[in-house]
Each structure stands twice: as C-alpha cells, then as structure tokens.
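> Structure in structure tokens, see below.
The values are calculated or read from the model by the stated rules, or taken from the named source; none is laboratory data. Because the structure is a prediction, the values reported are computed rather than measured. Don't worry about glycine lacking a Cβ; one is built from the backbone with ideal geometry, like all the others, and counts go over all protein chains shown. All accessible areas refer to the heavy atoms of the entire protein, side chains included, with ligands and DNA or RNA removed. Shrake-Rupley method; radii C 1.70, N 1.55, O 1.52, S 1.80 Å.
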Protein chains: 2
Amino acid sequence: MEKVVVIGSGPAGLTACIYLSRALLSPLCIEGFISGGVAGGQLMTTIEIENFPGFPDGISGPELMMRMKTQAEKFGTTFLSEDVESVDLSKRPFKVKSTSKEIEAETLIISTGATAKRLHLPSEQKFWNKGISACAVCDGGLPFFRNQILAVVGGGDSAMEEAHYLTHFAKEVILIHRRDSFRASKAMQKKVLSNPKVKVIKNSVVEDVFGEDFLEGLKIKNLKSEKIEEIKVRGLFYAIGHAPNTAFLKGQIKLDEEGYIQTKPDSTRTSVEGVFACGDVKDKYYKQAITAAGSGCMAALECERYLTKVG
Amino acid sequence: MEKVVVIGSGPAGLTACIYLSRALLSPLCIEGFISGGVAGGQLMTTIEIENFPGFPDGISGPELMMRMKTQAEKFGTTFLSEDVESVDLSKRPFKVKSTSKEIEAETLIISTGATAKRLHLPSEQKFWNKGISACAVCDGGLPFFRNQILAVVGGGDSAMEEAHYLTHFAKEVILIHRRDSFRASKAMQKKVLSNPKVKVIKNSVVEDVFGEDFLEGLKIKNLKSEKIEEIKVRGLFYAIGHAPNTAFLKGQIKLDEEGYIQTKPDSTRTSVEGVFACGDVKDKYYKQAITAAGSGCMAALECERYLTKVG
C-alpha cells in the first residue's frame with residue numbers, strides 16, 4: 001500500500017514528488033511509458049525555455065525535466081515507467097491499474113497534463129506521420145521536411161513557436177489561422193512574423209490534405225470569400241490547442257465540460273477527498289511550466305496535511 | 001506613465017517581471033531599498049534552498065534571486081531601488097509614491113511579501129540587535145553568538161531551519177515552543193531534533209528577557225505548571241510567523257482580517273480593477289518560493305490580458 005501515488009511526471013508531478021519526498025512520504029510516481037513519449041510531459045518536446053525563473057540563459061525542456069527528476073529521486077521518490085489504464089476512486093484505499101500492476105494508494109495526486117488537439121480532416125489518418133504532425137519540435141527536423149514548404153495551423157504562442165522552429169529547416173513556413181488576428185503574445189508575433197521565411201494566410205481553414213504516399217498539399221478554404229485553394233506543402237503541423245489527459249478518470253471524479261479536473265478555489269483538492277490535481281490537467285488558463293510547478297507544490301502540501309489529519 | 005509597475009522583488013515579483021518583459025510591456029520594478037534588506041525578499045536571507053524545482057544540488061537564496069533578476073533585466077525590466085511609501089488606487093492611472101518619486105501606472109502588480117513577527121516582550125526593544133534577532137540566518141554567525149547558548153522560539157519549519165542553522169555556531173540551541181507538538185514537517189523535525197546540540201522546551205512561552213548591555217537570559221513560563229524559570233542564553237531568535245507587508249495599502253484595497261490582500265478565486269485579481277497581487281502578500285497557506293513564482297506568472301498573464309482588453 002502506497003501512502004501517495006503521483007500520476008504524471010511533468011513540472012507539476014515532479015515538483016509534487018520533490019515536496020512529498022522531502023516530507024518523508026516516499027511517493028511512487030507513475031511517470032508514463034518513456035518510449036511512448038509521455039514521461040516528463042510536454043516540456044520533453046520543448047527545445048528552449050526562456051521564462052522558467054532561475055535560468056537567465058534559458059534551458060532546454062528535457063534538461064529541466066531531468067534536473068527535476070534527479071531532485072525528486074535524490075529525496076526518495078520511486079518511479080514506475082508505465083501508463084495508468086484505470087483508477088477506482090469509489091473508496092479508500094484507491095486502486096490504480098497501470099500496464100502491469102495494480103497499486104493501492106491512500107492518496108493520489110493527478111498531474112497527467114494535456115495533449116495537443118487534432119483537426120480530424122477526412123484524409124488525416126492516411127497522412128499521419130507521413131507529413132502531418134502535432135509537434136513541430138519533435139518532427140520538424142526529420143530529413144524529408146528539410147528545405148521544403150511547411151505549414152503550421154494555429155494562432156497562439158505555440159503556433160508562433162512551432163513556425164519559428166521550422167524556419168531552421170524549411171524553405172518556407174506558411175502560418176494558417178482561421179481568424180484575422182493572432183492570440184499569440186506580441187513578443188512572439190514580432191519575432192516570428194518578421195522572419196522572411198514566414199508567410200501568413202489568415203481567415204482560412206484547412207479542409208483536407210492530399211498526396212500519394214506522402215503529403216503533397218492542402219485544400220484551404222478562405223472563410224470570408226468561401227473560396228477553396230490548393231497549396232503545395234510537404235508538412236502540416238497542428239498547433240491548435242490541447243485536451244486534458246483525463247480519459248482514464250471518467251465517472252470517477254468531477255470534470256468540467258472540456259474534460260479538465262475541477263478543483264476547489266485556490267486549492268488542488270478535487271471532488272474526491274484524498275485526490276488532488278495539479279498542472280495542465282486542471283488548468284486551461286495559465287498553462288506554464290512555472291504555474292504547473294507551483295500547483296504541484298500546492299498539491300503536495302495539501303496531500304501532506306490531509307494525511308496528517310486522517311492519521 | 002508606466003504601463004505596469006511591479007512593487008516587490010521576491011520570486012513572485014521577479015517572475016512577473018520576466019513574463020511582462022518578454023511580452024514587451026517594459027515593466028518598472030520598484031524592488032525596495034537594497035541596503036534596507038528588502039530587495040529580493042525573504043530568500044535573500046535563506047542560505048540553502050533544496051526544494052525549488054530545477055536545482056537538484058540546491059541553490060542559495062541570494063544566488064537564485066540574482067539569477068531571476070538577471071533574467072528579468074535581460075528581457076527589459078527596469079529596476080528602481082527604493083521603497084514605496086504610499087499608493088493612490090482611487091482612479092486610473094494609479095499613483096505610486098516611492099522615496100524620491102511619484103510614478104503613474106496603468107496597472108499595478110503588488111508582491112511585497114511578508115515580514116517576520118515579533119513577540120513584543122517588555123524588554124524587547126532594549127535588547128533588539130543586542131541578543132534578540134528575527135533572523136538566525138542573517139545574524140547567527142556574528143562573533144558574539146559563537147560557542148554560546150542560543151534560543152529559538154517557534155514550532156514550524158522556519159523554527160527548525162533556524163535552530164539547525166544555529167547549531168553550526170552555538171554550543172547549544174534551545175528550541176522553545178508553546179505547544180506540545182511541532183507544526184514543522186517530519187523531515188525537518190527528524191533532522192533537527194536528532195541533533196545532539198538541540199534541546200527542546202515545550203508548553204512554554206518567553207515572558208521577558210534580561211541582561212546588562214547585552215542579552216544574558218530569558219524568563220520562561222511553563223503553560224501547564226504556570227512555573228516561571230530563568231535560563232541563561234546569549235541569543236534569542238524569533239521564528240513565530242509572518243505579517244504581510246501591506247501597511248502602505250490600507251484603505252486602498254480589500255485586505256483580510258490579518259492584512260493579507262484578498263484576491264478572486266484561482267486568480268491574482270484584487271478588489272481594484274487593474275491591480276494584481278501575488279506571492280506571500282496574498283498567501284498565508286503555501287508560502288513557498290515556487291508557489292510565489294507561479295503566482296507571479298499568473299499576475300503577469302492576467303495583467304497582460306487586462307491591458308489588451310482595455311486597450
């Protein structure tokens with residue numbers, strides 16, 4: 001029986017582990033399946049983080065996560081490199097079923113984050129990983145994208161970041177956005193839109209993709225003129241937001257209409273006593289590494305106080 | 001006229017500055033009077049931080065704060081090394097009066113933190129800085145405390161930390177606590193109470209201090225037996241909690257009964273539109289460097305979105 005199980009190993013989960021293990025609670029962190037690309041969270045596919053306080057020269061995502069994991073391990077966190085398939089929160093101890101084990105836990109901290117959304121185009125599945133990707137940073141440097149025309153769909157900071165990253169490899173980057181103006185911060189817009197390799201197509205959506213074995217182009221619809229146009233691109237990268245990773249929780253805990261875990265105000269307490277949530281799985285507003293880390297600390301302190309209270 | 005003024009330069013204020021300056025908002029940070037010991041916040045008197053995620057080998061408080069300040073400066077934050085004396089939040093632009101200037105600001109982020117509390121003993125003022133201190137880490141290494149018997153008052157993590165720090169210099173450290181058990185985390189209790197230099201006096205309060213020119217001892221009252229006892233100590237260190245630094249805000253903004261700034265749930269918005277609060281000045285529950293930094297980021301993002309909304 002575990003005193004506390006932490007599900008997820010991004011900045012929220014690992015900060016919770018650092019605090020829990022310093023409090024001698026020996027947490028078990030089910031970090032996700034490493035080769036599946038889940039362990040470590042979204043920062044594992046982030047090249048450079050400039051805004052995590054304490055790193056004035058920036059730090060790469062994987063390096064920051066490795067440092068946090070080392071820190072959690074040093075104080076006594078145990079890691080299990082599996083995914084969680086289901087949980088039973090109907091009574092305590094809670095049951096957590098991972099790929100190969102069934103674990104009992106007195107308390108639970110959920111920090112499974114969120115995942116990039118897809119457009120679900122008619123031919124999307126055919127060209128998935130054959131030109132279509134949800135992660136420019138993961139795939140943009142692959143040989144078949146080099147010196148090609150690539151497209152990014154989206155209007156926020158992530159879209160700008162991905163477009164900027166792709167300019168290192170691509171001949172041209174086309175940023176496609178359904179609205180007239182971008183949600184991205186001014187700093188990012190200034191940096192990216194002034195890059196001569198970046199071209200912008202506004203008020204437009206991707207209707208479908210085409211090609212033979214590999215992606216060759218897009219059908220784009222202008223939402224104002226309703227005109228459909230074909231453009232040649234070799235890569236299409238999605239940067240259209242995220243969905244929380246809560247499928248394994250359905251019916252067990254209170255989620256909002258988008259699937260995010262609901263927590264009490266200024267707290268990480270969920271609808272189930274003894275279960276706490278932190279990071280992007282409960283946050284659709286701030287979604288930063290540093291806010292996730294802060295909420296991971298909150299979850300650990302609330303969990304520790306809860307365990308003290310119930311004995 | 002400033003777009004945004006940040007008051008305070010601890011982890012909350014500096015993280016806000018990092019995010020604001022990356023968003024090209026050119027924040028002015030009124031960091032406090034450096035020689036007065038205010039700039040940089042409470043971490044400036046913290047020797048070693050083990051639980052700030054990203055630093056597996058630990059980092060000193062001043063080093064961490066220097067790194068955050070460098071990061072904020074790099075992206076375009078301007079610093080003013082003065083204290084804020086008063087503010088006028090009755091209408092926008094807000095007015096901020098520092099030691100030598102009167103500044104107008106469209107928006108304001110308040111991150112002035114909290115300050116260690118005093119016992120207010122009858123002879124406290126006479127022996128202040130002559131044996132009594134509110135900061136073991138600042139003063140414990142001074143020559144007249146070396147190889148002496150020293151006392152710490154308090155029952156939380158800070159009391160444990162201060163007692164542990166003093167064992168490096170003192171002959172003996174007496175931890176005085178008014179209750180029967182300590183609030184401090186088990187990790188800290190285990191570490192400190194097993195130190196052979198540490199002696200514990202529970203269920204007791206300090207009634208007064210005595211000495212000639214310099215502190216020579218304490219009058220201690222046992223709350224169970226009501227007996228008063230004199231003990232010889234050369235130093236008395238307070239570790240009995242904090243009060244928020246909000247005196248300059250009275251009547252201008254909604255504070256709670258203890259003086260902490262009230263914010264909306266899961267937000268840094270205060271009772272005054274365009275004024276945001278982050279860090280220990282609005283948090284009496286978590287009070288960690290990482291939670292302060294997270295809330296500083298929240299304040300910056302909310303401030304940026306507010307400025308976009310009002311134009």
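> I need to check one value: relative contact order of chain A, counting alpha carbon pairs closer than 8 Å and at least 6 residues apart, in percent.
Computed value for chain A: 21 percent relative contact order.
> Can you list, shortest first and in nm, the gaps between the label point of A:Ser90 and those of its counterparts in the other copies, using a point 7 Å from Cα in the C-beta direction?
6.3
> Can I ask one more? State the Cα centre-to-centre distance between segment B:89-125 and segment B:190-239 in whole Å.
Between the Cα centres of segment B:89-125 and segment B:190-239 lies a distance of 34 Å.
> So, one more: Just to be sure I understand the model, the point goes 7 Å from the Cα along the line to the Cβ. What's the resulting A:Leu142 to B:Leu142 distance in nm?
In this crude label model, A:Leu142 to B:Leu142 measures out at 6.6 nm.
> Please identify the DSSP H helices in chain B that span no less than 18 Å along the helix axis (Cα) and have a mean Kyte-Doolittle hydropathy of -0.5 or more.
Those that clear 18 Å and a mean of -0.5 are B:289-310.
> Could you work out how far the C-alpha centroid of segment B:14-30 sits from that of segment A:281-311, in angstrom?
Computed from Cα coordinates, the inter-centre distance equals 26 Å.
> What does a probe at A:Asp266 reach in segment B:261-287, counting residues whose amide N is under 12 Å from the point 7 Å along Cα→Cβ?
Those under the cut-off are B:261-271, B:277-287.
> Spin-label point model (7 Å from Cα, Cβ direction): what's the A:Arg183 to A:Lys3 distance in nm?
4.1 nm
> Now a separate question. Estimate the FRET efficiency between A:Lys227 and A:Asp256 by the formula 1/(1 + (r/R0)^6), using the beta-carbon distance for r and 45 Å for R0, to the nearest 0.05.
It comes to 0.75.
> Let me ask another. Through the Karplus equation 6.51 cos²θ - 1.76 cosθ + 1.60, θ set to phi - 60°, convert the phi angles of segment A:272-286 into ³J(HN,Hα) values in whole Hz; use x for Gly and Pro.
Ordered by residue, 3J(HN,Hα) equals 9, 4, x, 10, 10, 10, 8, x, 5, 5, 10, 9, 9, 10, 9 Hz.
> Shifting gears a bit: For chains A and B, what's the summed buried accessible area, probe 1.4 Å, to the nearest 100 square angstrom?
3900 Å²
> On a full-extension model of 0.36 nm per residue, what is the gain between A:Val200 and A:Ala243, subtracting their alpha-carbon distance, rounded to one decimal in nm?
Residue separation times 0.36 nm, minus the Cα-Cα distance, leaves 12.9 nm.
> Something else now. Rg/Rh for the protein assembly as shown to two decimals, with Rh computed the Kirkwood way over all alpha-carbon pairs.
Ratio of gyration radius to Kirkwood radius for the protein assembly as shown: 1.02.
> If you count, for each residue, the other Cβ atoms within 10 Å and average over each peptide, how do A:160-167, A:120-127 line up from highest to lowest?
Per-residue Cβ counts within 10 Å, averaged per peptide and sorted highest first, yield A:160-167, A:120-127.
> Suppose we take every Cα in chain A and form the convex hull; what volume per residue is that in Å³?
Cα-based convex hull of chain A, divided per residue, equals 145 Å³.
> How large are Rg and Dmax for segment A:118-238 when calculated on the C-alpha trace, in angstrom?
Cα-based Rg and Dmax for segment A:118-238 come out at 13.2, 39 Å.
> Provide the solvent-accessible area of A:Cys297, counting protein heavy atoms only and rolling a 1.4 Å probe, rounded to the nearest 10 Å².
Using a 1.4 Å probe on the heavy atoms, I get roughly 0 Å².
> Taking K and R as +1 and D and E as -1, what net charge do the other residues with C-beta under 10 Å from the C-beta of A:Phe75 add up to?
0
> Moving on. Roughly to the nearest percent, how much of the accessible area of chain A is carbon and sulfur, given a 1.4 Å probe?
Of the solvent-accessible surface of chain A, carbon and sulfur hold 49 percent.
> Rank these by accessible area, largest first, 1.4 Å probe: A:Met66, A:Met1.
So the residues, ranked largest to smallest area, are A:Met1, A:Met66.
> Within 13 Å, Cβ to Cβ, of B:Lys97, how many net charges do the neighbouring residues add up to if Lys/Arg are +1 and Asp/Glu are -1?
Result for the neighbourhood of B:Lys97: -4.
> Further, regarding this structure: Point me to the residue of chain B whose C-beta lies closest to the B-onto-A rotation axis, rounding the distance to whole angstrom.
Here the nearest residue and distance are B:Gly294, 1.
> Could you tally the net charge around B:Asp256, taking each other residue with its Cβ under 14 Å from the Cβ of B:Asp256, Lys/Arg +1 and Asp/Glu -1?
Taking every Cβ under 14 Å from that of B:Asp256, the sum is 0.
> Using DSSP, restrict attention to beta bridges with both residues in chain A and report what percent are antiparallel, rounded to the nearest 5.
Beta bridges within chain A, antiparallel portion: roughly 45 percent.
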